[in-house]
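The values are calculated or read from the model by the stated rules, or taken from the named source; none is laboratory data. Since this is a predicted model, take the numbers as computed values, not measurements. Cβ: placed from backbone, ideal geometry, glycine included. Neighbour counts: every protein chain shown. Only protein heavy atoms, including side chains, enter the accessible area calculation; ligands, DNA and RNA are left aside. Shrake-Rupley method; radii C 1.70, N 1.55, O 1.52, S 1.80 Å.
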Amino acid sequence: MPVMPENKSERLAALADQCVQCGLCLPACPTYALDGNEAESPRGRIAIAAALAKGRVPVTDELREPLDHCLGCLSCERVCPAQVRFGELLVETRALLGPAPRQPRALLALATRPAWLRAARRLAGWIGLSRWQARLAGRLPERSAWRAALSLAATPPPSTPPGFSAASRDAPTLAPVALFPGCVGSVDDEDAQQAATVLLEAAGHPVIRLPAFCCGALDAHGGRTAAATLAMQRVRNAMQASGASMLVTVTPGCLGQLRAALPGVPVSDPYALLAARAGQLGFRPLRQRVALHLPCTQLNVACSGEALQALLARVPELEIVQLPPRCCGAAGSHLLEFPERAAALRVPTLEAIDTLAPQALLSSNIGCRLHLAAGLAERGKTVPTLHPLVLLAQQLVPGNPP
């Protein structure tokens, strides 16, 4: 059994002791709903963390499995009457345990390096991967991370729409905003990055784009503490060099890590800033029915669902139907580490999309969007998926709003 540092053990035990064992978190937990097993619930995981921190049990594969299965969706925090900081507890427990043996390290290295990922995307396009992805995947085990990665790689990122450019406005110049591109987001959400710039500048906020690199969230949640710490320092250095006083990201999955790296700096997605300046933004009508998927991190970390819906409601004739708020199973690297579980967690959301029959699917998280697009493709469905900011920027009226 590995020896845990005393200070970290005491901190972890203190976090676990906040739990009053009421069980109100169980109905909110997607993995408990999937397995019906107490160990796969927040209360069960807290009990495991407490036992590990206090040295009552040895570390075994069976004991760490429920901790590895956790999605980190933080739905439990939203309903907890004792305000247990479960996200902190989960990251600290994984830091003590270290990386899980089954982590797909090569794929994670690819995902966290934008230059490598962009090259891989180009290669997939050149060789026409989407045409023979199914044949390749069929030769791999269902639980293979590479099989899951193939399904994501065969879903090409959307190209930037024609005429997607900034508009001249008379809005007053407000405080500049730094835009954090991230790793996967800087490649597969490039159009959302551009949309955020167009919209924020139309609202009066000059945008300073930071260099593209990983914020460290995948490392922090994977128990790779040293790498996460280095990434956080890189965030601080980039933010200081920008001269901006606030930071935004179009990927809500980065928010928690960015806030940890920049205590005292306002860090959010763009929706609240845009909603506060909605009077400066006018949108063309769009006669379309769209399904809105609110990622867990947008609901539980950014808490920006209402601001986004208010912005979308300003697009005339747009019909918005919201999908049930539940985790789709993507959850960072979870869709690669546990593809069977991720696919099972995705089913209710796919069924809801089938029932609603939208003309497009909106989601702010690139991982969720790729995961859902892959699931729709497996069902033979062709529903365009895009970031809500892209739709808003497409419909933006040049000049002052009418």
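General remarks:
- Pairwise alpha-carbon distances in the range 1-91 exceed 22 Å for 21% of all pairs.
- Extension gain for residue 130 to residue 209 (0.36 nm times residue separation, less C-alpha to C-alpha distance): 25.3 nm.
- Extended-chain gain in nm, criterion 0.36 nm per residue less alpha-carbon gap, residue 357 and residue 340: 3.6 nm
- Global size of the chain as Cα Rg and Dmax, reported in angstrom: 21.1, 67
- Portion, in percent, of the accessible area of the chain that falls on carbon or sulfur, probe 1.4 Å: 55
- Charge context of residue 133, other residues only, Cβ under 14 angstrom, K/R +1, D/E -1: +4
- With a Förster radius of 25 Å applied to the beta-carbon distance between residue 100 and residue 14, the computed FRET efficiency rounds to 0.50.
- Net +/- balance of residues flanking residue 357 in space, Cβ distance below 14 Å, scoring K and R +1, D and E -1: 0
- Taking 10, 40 and ordering them by how much accessible surface each has at a 1.4 Å probe, largest first, produces 10, 40.
- For the range 20-156, the fraction of alpha-carbon pairs in successive 5 Å shells from zero, as %: 2, 9, 15, 16, 14, 12, 11, 10, 6, 3, 1, 0
- Remark: relative contact order (the chain) = 16 percent; criterion is Cα-Cα distance under 8 angstrom and separation of 6 or more residues.
- Rough spin-label spacing in nm, given labels placed 7 Å along Cα→Cβ, for residue 38 and residue 59: 2.5
- Convex hull volume per residue for the range 167-323, taking Cα atoms only, in Å³: 115
- Stokes-Einstein D (µm²/s) once Rh is taken as the Kirkwood radius of the range 38-96 over alpha-carbon pairs, at 25 °C in 0.890 mPa s: 211
- Largest first, the extents of the alpha carbon coordinates of the range 170-211 on the three principal axes equal 33, 16, 7 Å.
- Panel values: the range 272-375, Kirkwood radius from alpha carbon pairs, Stokes-Einstein at 20 °C and 1.002 mPa s, translational diffusion coefficient 147 µm²/s.
- The mean sequence separation of alpha-carbon pairs under 8 Å and at least six residues apart, normalised by the residue count of the range 303-402, gives a relative contact order of 24 percent.
- Ordering of 202-209, 318-325 by burial proxy (mean other Cβ atoms within 10 Å per residue, highest first): 202-209, 318-325
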